[in-house]
Amino acid sequence: MARHRELFSRYVRPQWPRLIVLTVLLFGNIAIELIAPLWVSRFIDGVQSGATNSALITIAILFMVFTAARPIVMGIAGYLSEDVGWRSTNRLRTDLVRHCLNLDLSFHRKHTPGELMERVDGDVSELAEFLSFFVFGVVGRALLSVGIIVMAFLVDYRIGLTLLVAAAAVLIILRTTQRLAVPKSQALRAAKADMSSFLEERLGGRETIRANGGRDHLFDEMDGRIGVLVRRTRDAMVASRYSSSLLELMVALSAVAVLALGAYLLPSSSITLGEIYLGYYYTDLLSHSLIVVTMHMEGLQRASAAIRRIGELTAIQPTVVSGPGHEPDRGSLDIEFENVDFGYGGTQRALDGVSFRLAAGQTLGLLGRTGSGKTTIARLICREQDATGGAVRIGGADIRDYSLPQLRGLVTMVTQDVQLLHATLRDNLTFFDDSVSDERLFAALDELQLRKWYESLPDGLDTVLVDGGGSLSAGEAQLVALTRAFLNDPDVVVLDEASSRLDPATERLVEAATGRLLEGRTGVVVAHRLNTVRTLDHIAVLDQGRIQEIGEQTKLSADPTSRFATLLAGGTS
Ligand SMILES: Nc1ncnc2c1ncn2[C@@H]1O[C@H](COP(=O)(O)OP(=O)(O)OP(=O)(O)O)[C@@H](O)[C@H]1O
């Protein structure tokens, strides 16, 4: 409930002027619904008692006025409630995306983008739809139901009592079936989220699956998931239909009870024909109102489940939090690891007591077998994750002292798998920052010796790039990432070299651009090719999360007993 209140006060309350108008319209609509049938009742009694034609016409006109007013009120209210619903949830959607982007990498490794889309879009849309109908669908109809019972008591206390008993029975049925339906709808949504993350992952890996003949296995897995989805959809539907069927049965019984009561009372003149009509009409209206409430109660259940899941997501806090802020002397900065430990959660440590110091403006190549901890060191320098023991310092200050925006300004990482956005080359380079002029982009391309490559692109800076390698080769994507990094003008560069083979021409371009990017900067390169490390000042060889050897590149290569010299002789990293 606390979560519901928090969401309401943060996202719905700011819409209070619209909510006030909605409330006025709501009560206006209830009044219209309750009063309109009174005119019909009076009309029937008027005909029976021989009222004048003009009196009957006046009653008919009043009925028409009330009937015509209803769609107008409902139209305006419908517009406003949609408006309130979507305005509030759009802010929530933006906040959730921001929250997800701020969460640690460890979170993103556990949750696929498909799952997050289901939270950010699926659950929030559920809430938006619910909010749009809530005022009129649930609150409005619930109040109308109370109004109907009061009016029924005014007509005849016995009819009032009949409707009261019917409404009480309906509420008991609702509460009982709700307990049954909520877990079913939760299970259904979980199955949907599982299906979308499964599809996203498998379609993303389509090339590997096709190349390795994994299609049959994929379809087997998919069949299993579809089976779960079908079962859970059926269970959820049955649970929700169960309550409305019981409800309809109750309504039919109430209508029969009211009509039988009228037939019993009419001969003794303790009730008029118009009042019997009114009793029957109110029974029907009550039934419809309660059915609408039930339908939206299903929405309430789904919205409750969505709020719970959104709450669970927002409760997860990043462990990498912004530091108080520290302004180092700009220029290249030194990097120091002091007895750094790191583990990804399992028993094995990815880094175990790693210590080294890289002087400002120097470059260090990290070598070692796969899984030896090279990428982990790179991630710690960018503060994608924090060391579990020891300290990482940049420019003499603990990395956690910098605010995250400060650190992002000081350190830039070029990852192995470059993510291109479906946008122009210009936007991919500037990240949609219009203040970066084309001249600056050309200057950067010139500096990195990429002008020729750039001129080979069909539309220059307006060439539209596609993520997933549709438009550029992996090597060319690296060139975009290197230019992006150069434009950031960082003090420290962390480079996770692409392990895939590049064609010789692109490789030369990547090498030249990398060399220029590292010039005058402190650089750490996760090296997959020995060629790359020959240009670096220092080399560290890692094994099982420990530094086995570290030293100047020239000294190590000249020492035949060093591991680096052995690696060079073997020709592998
Ligand atoms: N996201 C992760 N979750 C759990 N364990 C991980 C994760 N990333 C790396 N590891 C583990 O941490 C250890 C170090 O991995 P790391 O990626 O730093 O090695 P690496 O030397 O960069 O390997 P490669 O050359 O293959 O990229 C390995 O045992 C690896 O299995």
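Within the same chain, lysines fewer than 8 places from Lys192 are excluded, and of the rest, those with a Cα less than 27 Å from its Cα are Lys110, Lys184.
Counting only C-alpha contacts under 8 Å and six or more residues apart, can you give the relative contact order of the range 2-315 as a whole percent?
28
Determine which residues of the range 5-47 fall in the zone a paramagnetic label at Ile61 would reach in this model, i.e. backbone nitrogen under 11 Å from the point 7 Å along Cα→Cβ. Within reach of a label on Ile61: no residues. Across the range 552-557, computed HN-Hα scalar couplings (Karplus, 6.51 cos²θ - 1.76 cosθ + 1.60, θ = phi - 60°) run 5, 4, 5, 5, 5, 6 Hz from first to last residue, x flagging Gly and Pro. Dipole check for the range 2-315: with +1 at the C-beta of Lys and Arg, -1 at the C-beta of Asp and Glu, and the Cα centre as origin, the magnitude is about 640 Debye. Ranked by the mean number of other Cβ atoms within 10 Å of their residues, highest first, the peptides 282-294, 447-459 come out as 282-294, 447-459. Per the Cα gyration tensor, the chain maps to an equivalent ellipsoid with semi-axes of 71, 25, 21 Å, ordered largest to smallest. The charge dipole of the chain, taken about the Cα centre with unit charges on the Cβ atoms of Lys, Arg (+1) and Asp, Glu (-1), comes to about 1880 debye, rounded to the nearest 20. Taking amide hydrogens as placed 1.01 Å from N in the peptide plane, the amide H of Gly368 sits under 5 Å from those of Leu542, each at least 5 positions away in sequence or on another chain.
Applied to the range 99-106, the Karplus parametrisation 6.51 cos²θ - 1.76 cosθ + 1.60 on θ = phi - 60° returns per-residue 3J(HN,Hα) values of 4, 4, 5, 7, 6, 5, 4, 4 Hz, with x for Gly and Pro.
Derived value for the range 335-570: Kirkwood hydrodynamic radius 18.6 Å. Basis is the mean of 1/r over every pair of different alpha-carbon atoms. Once the Cβ-Cβ distance between Gln317 and Glu447 is put in as r, and R0 is 60 Å, what FRET efficiency do you end up with, to the nearest 0.05? After rounding, the FRET efficiency stands at 0.90. The solvent-accessible area of Phe134, taken with every protein chain present and a 1.4 Å probe, is close to 60 Å². Heavy-atom accessible area for Asp496, with the other protein chains in place and a 1.4 Å probe, reaches approximately 10 Å². The alpha carbon centroids of the range 499-573 and the range 81-147 are separated by 50 Å. Derived scalar couplings between HN and Hα for the range 138-155 equal 9, 4, x, 5, 5, 5, 4, 4, 4, x, 4, 5, 4, 4, 4, 5, 5, 5 Hz in order, rounded to whole Hz, by the Karplus curve 6.51 cos²θ - 1.76 cosθ + 1.60 (θ = phi - 60°), x for Gly and Pro. Heavy-atom accessible area, probed at 1.4 angstrom with all protein chains present, ranks Glu519, Glu126, Glu275 as Glu519, Glu275, Glu126, highest first.
By per-residue mean of other Cβ atoms within 10 Å, what is the highest-first order of 78-89, 12-23? Walk me through the numbers on the way to the answer.
Working: 78-89: 18.4, 12-23: 14.4.
With the highest mean Cβ count within 10 Å placed first, the list reads 78-89, 12-23.
Give me the percent relative contact order of the chain, please, defined on Cα pairs under 8 angstrom at least 6 residues apart.
Numbers: 782 pairs, mean separation 78.8, N = 573.
Once divided by the residue count of the chain, the mean separation gives 14 percent.
Looking at the range 152-243, the accessible area is 62 square angstrom per residue; that uses a 1.4 Å probe and ignores ligands, DNA and RNA. For the range 2-315, which whole percent of the accessible surface, found with a 1.4 angstrom probe, sits on carbon and sulfur atoms? That fraction is 67 percent. Most simply put, the chain has about 55% antiparallel DSSP beta bridges, counting only bridges with both residues inside it.
Okay, helix-only estimate at 222 nm for the chain: each DSSP H run of n ≥ 4 adds -39500 (n - 2.57), divide by all residues, round to 500 deg cm²/dmol; what do you get?
Using -39500 (n - 2.57) per qualifying helix, the result is -21000 deg cm²/dmol.
Taking only protein heavy atoms and a 1.4 Å probe, the accessible area of the range 335-570 is 47% carbon and sulfur.
The values are calculated or read from the model by the stated rules, or taken from the named source; none is laboratory data. This is a predicted model, so every value here is computed, not measured. Please note: Cβ atoms are built from the backbone with ideal geometry, for glycine as well, and neighbour counts cover all protein chains shown. Remember, those area values only see protein heavy atoms, side chains included, never the ligands or the DNA or RNA. Shrake-Rupley method; radii C 1.70, N 1.55, O 1.52, S 1.80 Å.
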